[in-house]
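A.B. asks: Quick one: the structure is below, and I'll ask about it shortly.
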Amino acid sequence: MLLGRRRWDPQPTSPAAVLLASSGSPFSRAAVRRAYELAGGEPVAVLSILKVYGSQFGLPNPGLLPTRREQDEQMTVVRRAIDALEQRGCTVDGQAGRMIAKVARARKVRYVVMDAPTATGVRRIIEGEVTGIVRRRLRDGTALELVDGKS
């Protein structure tokens, strides 16, 4: 008998050709299409980030972790992308997680596809640019593809 619930499902580790990643916003049709094109019939992984709003003593503070509602919202974003890719005939799985580059390494992907950032001004200064952080943390052999969501 389990005495407590598991906070996170185990991370999938099966190899995928492409990681379709989001910093929390819904995926554009252009990003889904580009992930499908780059996969070339190989599996696609979908990831949407669960934001942790701070830490205390280097550890996440429970009050600053994502709420159940935020987790459900991100899983809805992931499910929609999975449905769109499955309609195109892709083998796909997804998860809501915390670190794009870490998942990319674990899944041994060749491409990480993300929508181009839309934040400007003060918001961009405060939150930072997720795509820049991901680009710096990716290892050699993995390319970051930014997609303009307007097309």
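The values are calculated or read from the model by the stated rules, or taken from the named source; none is laboratory data. These figures come from a predicted structure and were not determined experimentally. When the accessible area is computed, the model is the full protein with side chains, heavy atoms only, and any ligands, DNA or RNA have been set aside. Shrake-Rupley method; radii C 1.70, N 1.55, O 1.52, S 1.80 Å.
A.B. asks: Identify, please: which residue in segment 24-68 is open to solvent by 80 Å² or more (accessible area, probe 1.4 Å) and modelled with pLDDT of 90 or more and is, among those, nearest to the chain's Cα centre (by Cα)?
C.D. replies: Looking at residues that are open to solvent by 80 Å² or more (accessible area, probe 1.4 Å) and modelled with pLDDT of 90 or more, I get Pro26.
A.B. asks: Just wondering, is there one or more residues in segment 85-98 that are outside any strand (DSSP E or B), at pLDDT 90 or above and open to solvent by less than 60 Å² (accessible area, probe 1.4 Å)? Outline the logic, then answer.
C.D. replies: So in segment 85-98, the residues outside any strand (DSSP E or B) come out as 85-91, 98.
When the remaining residues are screened for being at pLDDT 90 or above, the result is 85-91.
With the extra rule that they be open to solvent by less than 60 Å² (accessible area, probe 1.4 Å), the set shrinks to 85, 90.
Looking for residues that are outside any strand (DSSP E or B), at pLDDT 90 or above and open to solvent by less than 60 Å² (accessible area, probe 1.4 Å), one finds at least one in segment 85-98, hence yes.
A.B. asks: Restricting to segment 11-23, and then to whatever is among the hydroxyl-bearing types (Ser, Thr, Tyr) and open to solvent by 20 Å² or more (accessible area, probe 1.4 Å), can you tell me which residue is nearest to Thr67 (Cα to Cα)? Talk me through it step by step, then tell me what you get.
C.D. replies: So the first thing to find is which residues in segment 11-23 are among the hydroxyl-bearing types (Ser, Thr, Tyr), and the list is 13-14, 22-23.
Keeping just the survivors that are open to solvent by 20 Å² or more (accessible area, probe 1.4 Å) gives 13-14, 23.
Numbers: Thr13: 25, Ser14: 28, Ser23: 16 Å.
Out of the qualifying residues, it is Ser23.
A.B. asks: Tell me, which residue of segment 102-138 that is over 19 Å from Gln11 (Cα atoms), among the β-branched types (Val, Ile, Thr) and part of a helix (DSSP H, G or I) is modelled with the lowest pLDDT?
C.D. replies: Step by step, filter segment 102-138, then rank; the result is Ile126.
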